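Structure first, commentary second.
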Amino acid sequence: MSRATTVRNLLDEHGRTYADEAGIHLRDTPMPLYQLLTLCVLFSVPIKADMAVAAARELFAAGMRTPRAMVDASWQDRVDALVRAHYRRYDESTATALGEGAQLVLDRYRGDLRRLRDEADGDPEKLRDLLTEFPRIGPTGADIFSREAQGLWPELRPAFDKRAQDAAEELGLPRSPEKLAGLVGDEDLPRLAAALVRVGLK
């Protein structure tokens, strides 16, 4: 099978980003960027991907779509939303992390993560380091944010973490992020990265 066919099949069968699955209409505006950060917090514990996505959808359905709304919700409101999504074991600590993280977005970035991008000044490693200052987000969460946001912020391209690279190698595709990026247009980079991660999780 040619690389082009492999990539086309990947995108057709698995090329839905996690942001899209969580109902986030990702744009370079404050609310969807914050929602992506929330999703990354939810992913940053050893839990199944579909459970993290369900938890994000539940939080957003309960109105917690902006940092102000997250802070204004009670800790118990956040716990209850997570429990409804069966996001157990980590529900209480995650509810705390979400509240503290939302307060940090308000205090440091005035509710707009584009200011975090400005602070990084085009340096993707600095941007990742700034992301890890949020409670619960470590290298894995920063990888997820970079993977999903690379369609919006060109300085993050190409963002293919180790899991995506391993899956690419298994499929006979190049392991190098730069070479993987050459297989699709910029707009499809987040979809290809997500597809490779999904295949790698199977």
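The values are calculated or read from the model by the stated rules, or taken from the named source; none is laboratory data. Nothing here was measured: the structure is a model prediction, and the numbers come from that model. FYI the Cβ positions are ideal-geometry reconstructions off the backbone, even for glycines, and counts take in every protein chain you see. For accessibility, only protein heavy atoms count, side chains too; no ligands or nucleic acids. Shrake-Rupley method; radii C 1.70, N 1.55, O 1.52, S 1.80 Å.
Quick notes on this one:
- Close lysine pairs were tallied over the chain: pairs 8 or more places apart or on different chains with Cα atoms under 22 Å apart number 5.
- A 1.4 Å probe run over the chain, with the rest of the protein chains in place, finds 46 Å² accessible per residue.
- Other residues whose C-beta falls under 11 angstrom from the C-beta of PRO30 contribute a net charge of +4, scoring Lys and Arg +1 and Asp and Glu -1.
- Dipole in debye (nearest 20) - the chain, about Cα centre, beta carbon charges: Lys, Arg +1; Asp, Glu -1: 360
- 14 Å beta-carbon shell around ALA55, net charge (K/R +1, D/E -1): +1
- Distance from the alpha carbon centroid of the stretch 1-61 to that of the stretch 104-130 works out to 21 angstrom.
- Mean separation of Cα contacts under 8 Å (6+ apart) over length of the stretch 2-67, as relative contact order %: 29
- Across the accessible surface of the chain, with the other protein chains kept in place and a 1.4 Å probe, carbon and sulfur atoms take up 47 percent.
- The magnitude of the dipole of the stretch 99-182, with charges of +1 and -1 set on the Cβ of Lys/Arg and Asp/Glu and taken from the Cα centre, is near 160 debye.
- For the stretch 1-140: rounded, prolate or oblate by the Cα gyration tensor [a/c cutoff 1.5]: oblate
- With the simple spin-label model, which puts each label point 7 Å out from Cα in the Cβ direction, the GLN103 to LYS48 separation comes to 3.4 nm.
- Across the stretch 149-155, rounded Karplus estimates of 3J(HN,Hα) from the backbone phi angles (6.51 cos²θ - 1.76 cosθ + 1.60, θ = phi - 60°) give 8, 5, x, 9, 10, x, 5 Hz, Gly and Pro being marked x.
- Extreme residue, positive dipole direction of the chain, given options ALA52, ILE144, ASN9 (C-beta unit charges): ASN9
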